[in-house]
Ligand SMILES: Cc1cc2nc3c(=O)[nH]c(=O)nc-3n(C[C@H](O)[C@H](O)[C@H](O)COP(=O)(O)O)c2cc1C
């Protein structure tokens, strides 16, 4: 998929088909996270894949939108020491999401009110905290990003108008 079309057509998706994402597709998604640039190339993250029904149900109770994690094919908790480096984590998360979308897999970020409780449920090392836990899965109906142009996706996105955001010096 053209990169701009991928960016323009990617929406955060909260309902998932009841079928697994194959191992090779999961691996590509995780590799997109691994490949992300980070400050001083510290790669401060750990990725915890949550895919068993029991683990998803336990974690679902600890995020804001329970159904996202309970019904997804898998979620990836992205954790760092002390929950630091949120920008680095954001880059890794978005790269994972775009790689997923390229394979027809939809996704949604998941925040949580109590990262310490989520860290315990995830079995993280002492001091390591999840920053976000994106959920992934196939959509219930197939979605076709190529059904519209990137310009059309951009025009219909629920976003502020570009000229409101951009200032030039
Ligand atoms: C840092 C961050 C945290 C978010 N947390 C949640 C969340 O906890 N639950 C959820 O359903 N969506 C969450 N979202 C998704 C936003 O609601 C979504 O990006 C926004 O509404 C735009 O959605 P759209 O791309 O489908 O238009 C989060 C997004 C970001 C960037």
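Output yes when any residue across segment 28-38 is outside any helix (DSSP H, G or I) and on the phi > 0 side of the Ramachandran plot, and no when none is. If you could, list the steps in order and put the result at the bottom.
In the first step, residues of segment 28-38 are kept if they are outside any helix (DSSP H, G or I); the result is 35-38.
Checking which are on the phi > 0 side of the Ramachandran plot leaves us with none.
No, segment 28-38 has no match at all.
Select from segment 96-122 the residues that are more than 14 Å from the ligand (Cβ to nearest atom) and either in contact (Cβ under 8 Å) with a residue 24 or more places away in the chain or more than 18 Å from residue 60 (Cα to Cα) (or both) and list them in ascending order. Can you show your working first?
As a first pass, look at segment 96-122 and keep what is more than 14 Å from the ligand (Cβ to nearest atom): 99, 102-105, 116-117, 119-122.
Within segment 96-122, 99, 102, 103, 104, 105, 117, 119, 121, 122 qualify.
What are the residues in segment 57-72 that are in a helix (DSSP H, G or I), surrounded by fewer than 16 Cβ atoms within 10 Å (Cβ to Cβ) and away from the ligand (no atom under 11 Å from the Cβ), if any? First the steps, then the outcome.
Quick first cut of segment 57-72, residues in a helix (DSSP H, G or I) only: 57-60, 66-71.
Narrowing the set further to residues that are surrounded by fewer than 16 Cβ atoms within 10 Å (Cβ to Cβ) leaves 57, 66-67.
If the condition is that a residue be in a helix (DSSP H, G or I), surrounded by fewer than 16 Cβ atoms within 10 Å (Cβ to Cβ) and away from the ligand (no atom under 11 Å from the Cβ), then 57 is the only one that fits.
When you check residue 88 against the structure, is it without any contact (Cβ under 8 Å) to a residue 24 or more places away in the chain and more than 13 Å from the ligand (Cβ to nearest atom), yes or no? Give the derivation first.
Values: without any contact (Cβ under 8 Å) to a residue 24 or more places away in the chain: no; more than 13 Å from the ligand (Cβ to nearest atom): yes.
Spelling it out, it is not the case that residue 88 is without any contact (Cβ under 8 Å) to a residue 24 or more places away in the chain and more than 13 Å from the ligand (Cβ to nearest atom).
Which residues, taken from segment 123-169, are over 20 Å from residue 98 (Cα atoms), touching a helix residue (DSSP H, G or I) at 6+ places or on another chain (Cβ under 7 Å) and within 16 Å of the ligand (Cβ to nearest atom)? Write out each step before concluding.
If we filter segment 123-169 for residues that are over 20 Å from residue 98 (Cα atoms), which is where we start, we get 123-130, 160-169.
Next, from what is left, pick out any that are touching a helix residue (DSSP H, G or I) at 6+ places or on another chain (Cβ under 7 Å): 128-130.
Matches in segment 123-169: 129, 130.
Can you list residue pairs whose Cβ atoms sit under 6 Å apart, with the first residue in segment 3-18 being farther than 12 Å from residue 137 by Cβ and the second being within 10 Å of the ligand (Cβ to nearest atom)? Count only pairs 6 or more apart in sequence or on different chains.
From segment 3-18, the pairs are 12/108.
Name the residues in segment 4-27 that are assigned to a helix (DSSP H, G or I), under 17 Å from the mean Cα position of the chain (by Cα) and either within 15 Å of the ligand (Cβ to nearest atom) or within 26 Å of residue 148 (Cα to Cα) (or both), would you?
Matches in segment 4-27: 6, 7, 8, 9, 25.
Bear in mind these aren't lab numbers, they're just calculated from the coordinates by the rules spelled out. Note that the coordinates shown come from a computational prediction; the quantities given were computed from them, not determined experimentally. Quick reminder, even Gly has a Cβ in these numbers, built from the backbone with ideal geometry, and neighbours come from all protein chains shown.
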